[in-house]
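Accompanying notes for the structure given below.
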Amino acid sequence: MLDLEVVPERSLGNEQWEFALGMPFSQAISILQKHCRIIKNVQVLYSEQTPLSHDLILNLTQDGIKLLFDATNQRLKVIEVYDLSKVKLKYCGVHFNSQTIAPTIEQIDQSFGATHPGVYNAAEQLFHLNFRGLSFSFQLDSWNEAPKYEPNFAMGLASLQIPHGAMVKRMHIYTGNNLQETRAPAMPLACFLGNIYAECVDVLRDRAGPLGLRLRLLTAGCGVGVMTDSKVKSLERSIYFGDSCQDVLGALGSPHKVFYKSEDKMKIHSPSPHKQVPSKCNDYFFNYFTLGVDILFDSTTHLVKKFVLHTNYPGHYNFNIYHRCDFKIPLVIKKGKSDHETAQPLIFEICVVVSSPSSLSCVPPPQVMQNNHIASVTLYGAPRTTSHARPESSSSSH
């Protein structure tokens with residue numbers, strides 16, 4: 001049986017590991033894989049047809065715990081303990097739920113000290129006692145009538161006339177004061193682990209096609225000592241078609257993996273492919289898993305020739321390899337017969353068929369799943385003959 005510490009508005013865990021609000025989905029999976037001998041029978045729950053409309057859930061069936069991740073940013077939003085008989089819980093080092101301590105309303109009052117009355121939900125027959133970042137739900141189906149109290153004169157739990165021994169049925173850990181309106185917080189400092197993450201990615205383009213990517217990056221201190229850098233830093237970097245390996249390494253750092261292609265499947269589209277001399281080396285990718293981006297380099301020139309942006313939707317065979325890339329691609333749309341064109345940002349959350357003639361040559365149809373959601377988008381482009389001005393890199397801390 002797991003013995004876990006409850007930290008309201010922050011986490012649930014022990015000395016070896018911790019599920020923290022704002023944690024990326026992949027890090028929670030890593031914890032479960034590392035402790036698979038202790039934490040068993042884990043289910044991954046998601047909506048197959050509409051993955052953005054429902055939370056992504058890890059259900060620890062053996063331990064009565066659910067981890068609810070925001071469907072869009074895939075960070076931990078709510079921690080729910082739905083079966084307190086399967087886990088030990090403590091607050092500030094003192095148990096309030098174990099095999100010998102029942103989670104009664106008296107025990108919760110003693111451990112947390114309620115300062116205001118709770119809320120009764122007649123439809124669920126549950127009484128909700130809410131603290132900031134923490135909520136307890138008590139089972140009321142054995143009561144003869146709903147709890148009575150005068151809201152204007154309530155002075156703590158005694159005024160609610162709750163029978164002795166009412167038991168906690170569920171517990172939730174979240175951010176803020178309202179469980180129904182809570183959102184996944186920003187990633188905690190402890191979750192960066194020396195990596196960089198992409199807050200957003202914008203595709204840079206002109207009338208001729210895509211130029212490259214502008215990435216807004218988040219990073220935290222990773223030097224010697226815990227207090228080396230206690231702030232999250234925001235950086236902005238740009239990568240263009242035709243950039244060298246050194247340019248990319250200087251902007252983004254070392255990739256998580258370098259993958260060499262076994263064969264060039266695009267050779268068939270080249271003029272006279274049968275006359276081409278076989279290359280002694282193959283094109284290769286820089287895989288940036290925490291950015292959700294792959295960058296392909298030409299094996300001869302070692303310059304950028306392709307970008308791949310991953311959405312990390314559940315159900316795809318690459319799910320949980322990459323973090324979700326929140327990218328935007330501006331499309332140039334002609335209005336009538338005039339030469340006036342406007343660029344409109346487009347967020348690829350659902351399948352979009354790019355049909356404008358000026359776009360077909362540079363943004364090929366994305367990889368679409370059976371539920372009509374995009375798994376990845378590939379950007380092709382040739383190095384420009386004219387040099388493009390590089391914007392000055394910017395950074396900020398918060």
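Say we look at region 98-126 and pick out the residues that are assigned to a strand (DSSP E or B) and under 32 Å from the mean Cα position of the chain (by Cα); which of these is surrounded by the most Cβ atoms within 10 Å (Cβ to Cβ)?
L126
Out of (1) in a strand (DSSP E or B); (2) at pLDDT 55 or above; (3) open to solvent by less than 50 Å² (accessible area, probe 1.4 Å), what's the single condition that is false for T342?
(2)
Determine whether K257 is open to solvent by 80 Å² or more (accessible area, probe 1.4 Å), under 26 Å from I329 (Cβ atoms) and modelled with pLDDT under 90.
Judged against the criteria, K257 is not a match.
Return the total of residues in region 148-181 being of a type in the set (S, T, Y), at pLDDT 50 or above and open to solvent by 30 Å² or more (accessible area, probe 1.4 Å).
Looking only at that region, the number is 1.
Pairs only if they're at least six apart or on different chains, beta carbon under 8 angstrom, first in region 186-200 and in contact (Cβ under 8 Å) with a residue 12 or more places away in the chain, second among the aliphatic types (A, V, I, L, M) and in a loop (DSSP other than H, G, I, E, B); list them, first residue then second.
M187/M23; P188/L21; P188/M23; C191/M23; I196/L291; Y197/M187; Y197/L291; A198/L291
Restricting attention to region 202-209, does a residue exist that is at pLDDT below 95, within 21 Å of G22 (Cα to Cα), basic (K, R) and not in a strand (DSSP E or B)?
Among the residues of region 202-209, not one is at pLDDT below 95, within 21 Å of G22 (Cα to Cα), basic (K, R) and not in a strand (DSSP E or B), which makes the answer no.
Strands (runs of 3 or more DSSP E) wholly in region 281-331 with at least 2 residues that are touching a Phe, Trp or Tyr at 6+ places or on another chain (Cβ under 6 Å) and in contact (Cβ under 8 Å) with a residue 60 or more places away in the chain - which ones?
304-310
The values are calculated or read from the model by the stated rules, or taken from the named source; none is laboratory data. As the structure is a prediction and not an experimental result, all values here were calculated from the model. For neighbour counting, all protein chains shown are included, and Cβ atoms are generated from backbone atoms with ideal geometry for every residue, glycine included. Side chains included, ligands, DNA and RNA excluded: accessible areas come from the protein's heavy atoms. Shrake-Rupley method; radii C 1.70, N 1.55, O 1.52, S 1.80 Å.
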